[in-house]
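Report on the following structure.
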Amino acid sequence: MTGLPRSVADALHSVTHSQRALAYLQIDEELKLIGAGGNLENYGLGAVQLGGQAFDQAVFLDGLLPLPETPFLLPSVELAGGRAADLHFYQHDDSVWVVLLDVTAERDQARRIQQRAYEMTLLQEKEALLNRRLEATNAALLATQHELESSRAALVRVHERLPRELAEAAGYIRSILPAPMSQPFAIDWRFVPSTELGGDAFGYNWVDADHFALYLLDVCGHGVGPSLLSIAVLHLLQAASLRDVDFRDPSLVLKALNERYQMKTDHDLFFTLWYGVYHPATRRLDYGCAGHPPALLMEAGTAGTQSVQLLKAKGSPIGLKRGAAYARETVIVPGDSRLYLFSDGAYEVEGPDGSVMSFDDLVHVLKHPGMDGQSDLDLLFQHLVRMRGANALEDDFSIVRFMF
């Protein structure tokens, strides 16, 4: 603030703290939290403990450290509770300073503008198509007033078809999702996009005669761009078309996807992904995770008492930084178990009173199946709708259940 009057500098400092909810974390070389301050409560960090591992207390940092370069900016990162923040990383001496600035208002405004622009573009393109059709038949329409009135009526009918055609576009995404299965193990899913075109996608298929792949991805944002990227990645995984990649090894698959899809060359889009490979003969499940919520492995048992494992592995979202490494983890699946894959839209829901559903709430709902054969997947969606207090959710609802 050199050159500014003290009163002006103080005012700017106050605006940053109050309107941007400035907060910071200081992390040492051992990735331990050695300092914290500012408006931590705004980001759900009010209870952080100095001396503990930074990743355990600020999960959004997982996979981001050590820094690839400094200073480093990761814009508009979605945090728990529906907040968004710019993450500024600075290296100083032997520690890294992470500065958080709240950009929730800007994110929400950008989403609204983007949605309005998208809707206007679709209408303009449809209008242009209709105009070309009208020009092609203009000579015949000018013959009589009756024909002119008929063409106007036809134009109205075409405009009335627009919502149905948009729904058909959204239906295409559903059409490329795999059908539920009953043999050799039962698979069921629910997919409810928040808009006509969403950023979630999932699939499962045999890699070879002995290995079965299962995966779910979530592209950041909503609209045409995220939808096209999710479709492209889904086709690639279904066809196992990454050159020289063993699709039985989750770590290699995630690494190859990260090299192929970088946000700097893909319209600033990145995505999270959980990818696993199941070997039925040994009940072995190898899996990897690229910044995605962990899968839930629930063993058989009385409702509410089942043992639950969180299947998570270290790895950053696909597209954030080239050369990122991804861990491969392994678990032996107990008999009569259920495995759930889902995106964050399956539990990060805010109610009208500002309360936010937690990950533990999701586990609780899934551990208590409904009566009279009602699907636990439907029960979860109904729970989210009741909590939201509206028929539509803000994010895509995607969940897949495997029963081994």
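The values are calculated or read from the model by the stated rules, or taken from the named source; none is laboratory data. What you are looking at is a predicted structure, and each value in this text was computed from that prediction instead of being measured. Quick reminder, even Gly has a Cβ in these numbers, built from the backbone with ideal geometry, and neighbours come from all protein chains shown. Heavy atoms of the whole protein, side chains included, go into the accessibility calculation; ligands, DNA and RNA do not. Shrake-Rupley method; radii C 1.70, N 1.55, O 1.52, S 1.80 Å.
Looking at segment 309-404, what strands (runs of 3 or more DSSP E) fall wholly within it and have at least 2 residues that are open to solvent by less than 40 Å² (accessible area, probe 1.4 Å)?
Numbers: elements: 329-332, 338-342, 397-403.
Counting at least 2 such residues, we get 338-342, 397-403.
Could you tell me how many of the residues in segment 262-285 are surrounded by fewer than 20 Cβ atoms within 10 Å (Cβ to Cβ) and either among the hydroxyl-bearing types (Ser, Thr, Tyr) or modelled with pLDDT of 95 or more (or both)?
Taking segment 262-285 and keeping what is surrounded by fewer than 20 Cβ atoms within 10 Å (Cβ to Cβ), we get 262-268, 279-284.
Filter again for either among the hydroxyl-bearing types (Ser, Thr, Tyr) or modelled with pLDDT of 95 or more (or both), leaving 265, 279-284.
Within segment 262-285, residues that are surrounded by fewer than 20 Cβ atoms within 10 Å (Cβ to Cβ) and either among the hydroxyl-bearing types (Ser, Thr, Tyr) or modelled with pLDDT of 95 or more (or both) number 7.
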Output for segment 237-250, where each listed residue is at negative phi and in contact (Cβ under 8 Å) with a residue 24 or more places away in the chain: 237, 238, 247, 248, 249, 250
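Could you tell me whether any residue of segment 224-236 is open to solvent by 60 Å² or more (accessible area, probe 1.4 Å) and closer than 22 Å to residue 294 by Cα? Talk me through it step by step, then tell me what you get.
Filtering segment 224-236 for residues open to solvent by 60 Å² or more (accessible area, probe 1.4 Å) gives 224, 228, 235.
With the extra rule that they be closer than 22 Å to residue 294 by Cα, the set shrinks to none.
No; the residues of segment 224-236 include none that is open to solvent by 60 Å² or more (accessible area, probe 1.4 Å) and closer than 22 Å to residue 294 by Cα.
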Residue in segment 286-304 that is loosely packed, with under 15 Cβ neighbours inside 10 Å and at pLDDT 95 or above present: no
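Can you tell me how many residues within segment 43-62 are closer than 17 Å to residue 100 by Cα and touching a helix residue (DSSP H, G or I) at 6+ places or on another chain (Cβ under 9 Å)? Steps first, answer last, please.
From segment 43-62, those closer than 17 Å to residue 100 by Cα are 43-48, 54-55, 57-62; that's our starting set.
After this cut, where a residue has to be touching a helix residue (DSSP H, G or I) at 6+ places or on another chain (Cβ under 9 Å) as well, the list is 43-48, 54-55, 58-62.
Summing the residues that are closer than 17 Å to residue 100 by Cα and touching a helix residue (DSSP H, G or I) at 6+ places or on another chain (Cβ under 9 Å) in segment 43-62 gives 13.
Tell me, yes or no, whether segment 284-304 has at least one residue that is among the basic types (Lys, Arg) and assigned to a loop (DSSP other than H, G, I, E, B). Steps first, answer last, please.
Initial filter on segment 284-304 (among the basic types (Lys, Arg)): 284.
Right, trim to assigned to a loop (DSSP other than H, G, I, E, B) and you get none.
No - not one qualifying residue is present in segment 284-304.
May I ask you to verify whether residue 338 is in contact with a Lys or Arg (Cβ under 8 Å, 6 or more places away or on another chain), among the basic types (Lys, Arg) and outside the structural domain of residue 74 (by TED's automatic domain parsing)? Please lay out each step first, then the result.
Numbers: in contact with a Lys or Arg (Cβ under 8 Å, 6 or more places away or on another chain): yes; among the basic types (Lys, Arg): yes; outside the structural domain of residue 74 (by TED's automatic domain parsing): yes.
Yes: the conditions hold for residue 338.
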Residue among 347, 326 that alone is aromatic (Phe, Trp, Tyr), in contact with a Lys or Arg (Cβ under 8 Å, 6 or more places away or on another chain) and at pLDDT 90 or above: 326
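Does residue 165 fit the bill of being under 30 Å from residue 232 (Cβ atoms) and modelled with pLDDT under 75?
Working: under 30 Å from residue 232 (Cβ atoms): yes; modelled with pLDDT under 75: yes.
Yes.
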Qualifying residue in segment 39-55 (condition: modelled with pLDDT of 90 or more, under 25 Å from residue 354 (Cβ atoms), in contact with a strand residue (DSSP E or B) (Cβ under 9 Å, 6 or more places away or on another chain) and in a strand (DSSP E or B)): no
Residue in segment 178-223 that is farthest from residue 294 (Cα to Cα), counting only those that are acidic (Asp, Glu) and assigned to a strand (DSSP E or B): 188
Residues of segment 33-60 that turn out to be within 14 Å of residue 315 (Cα to Cα) and surrounded by fewer than 17 Cβ atoms within 10 Å (Cβ to Cβ), as a count: 1
